[in-house]
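Trainee: One structure follows; several queries about it will come next.
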Amino acid sequence: MPSVFTMIIQGDLPGTFVWRDDRCAAFMSINPIAHGHTLVVPIEEIDHWLDVPLDLQQHLFGIARRVGQAQQRAFRTDRVGLIVAGFEVPHMHIHVIPAQVMSDLDFANAATSVGQSELEDAATAIKAELTETPG
């Protein structure tokens with residue numbers, strides 16, 4: 001059975017995307033820790049980050065960097081945190097989270113639900129800044 005992320009990437013479940021190429025996609029978390037919390041996910045369904053080929057890891061972290069730079073400008077945040085936890089969904093993903101302080105990265109602060117308009121607003125702000133971020 002495909003992972004929930006595969007179903008989002010394939011369009012079987014809704015997703016609010018900020019990036020997509022032939023190797024990965026980046027979309028808004030539906031349980032964000034902070035406004036703008038984005039997930040960078042490989043198209044290929046790989047469970048553990050240690051199993052991701054090095055060239056794909058490099059690509060994923062490069063996209064996470066671009067998304068983080070866009071978040072930093074869009075939300076005027078001091079920091080952007082990355083978390084690769086690997087427990088929530090058996091499909092490797094990088095959490096890219098705008099943050100001001102370390103406690104902003106606590107999953108205990110994750111929203112249980114968020115409106116689609118809030119996700120779209122954050123995605124629009126990130127996408128606008130991604131066009132300004134050099135590859």
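Trainee: Out of the range 77-86, which residues are within 19 Å of Leu54 (Cα to Cα) and either at pLDDT 95 or above or buried (at least 17 other Cβ atoms within 10 Å of the Cβ) (or both)?
Mentor: Across the range 77-86, the qualifying residues are Leu82, Ile83, Val84.
Trainee: Let me ask another. Cβ-Cβ distance below 9 Å, separation of 6 or more or different chains: which pairs start in the range 43-70 with a residue that is under 28 Å from Asp121 (Cα atoms) and end on one that is in a helix (DSSP H, G or I) and of a type in the set (Asp, Glu)?
Mentor: Filtered contacts from the range 43-70: Gln69/Glu129; Ala70/Glu129.
Trainee: Anything in the range 6-24 that is closer than 19 Å to Gly62 by Cβ, buried (at least 21 other Cβ atoms within 10 Å of the Cβ) and out of contact with any Ser or Thr (no Cβ under 7 Å at 6 or more places or on another chain)? List them, or say none.
Mentor: Scanning the range 6-24 gives Ile9, Cys24.
Trainee: In the range 12-23, what residues are more than 17 Å from Ala70 (Cα to Cα) and either among the basic types (Lys, Arg) or in contact with a strand residue (DSSP E or B) (Cβ under 9 Å, 6 or more places away or on another chain) (or both)?
Mentor: Gly15, Arg23
Trainee: Can you tell me which condition Leu13 does not meet? The list is (1) without any contact (Cβ under 8 Å) to a residue 60 or more places away in the chain; (2) part of a strand (DSSP E or B), and all the others hold.
Mentor: With (1) without any contact (Cβ under 8 Å) to a residue 60 or more places away in the chain; (2) part of a strand (DSSP E or B) applied to Leu13, the lone miss is (2).
Trainee: So which residues in the range 28-71 are closer than 18 Å to Pro2 by Cβ and touching a Gly at 6+ places or on another chain (Cβ under 7 Å), if there are any at all?
Mentor: His48 - this is the single residue of the range 28-71 that is closer than 18 Å to Pro2 by Cβ and touching a Gly at 6+ places or on another chain (Cβ under 7 Å).
Trainee: Of all the residues that make up the range 87-135, how many are in contact with a helix residue (DSSP H, G or I) (Cβ under 7 Å, 6 or more places away or on another chain), crowded, with 18+ Cβ neighbours inside 10 Å and in contact (Cβ under 8 Å) with a residue 60 or more places away in the chain?
Mentor: 10
The values are calculated or read from the model by the stated rules, or taken from the named source; none is laboratory data. Since we're looking at a predicted model, the values are computed, not measured. Backbone-built Cβ (ideal geometry, glycine too); neighbour counts: all protein chains shown.
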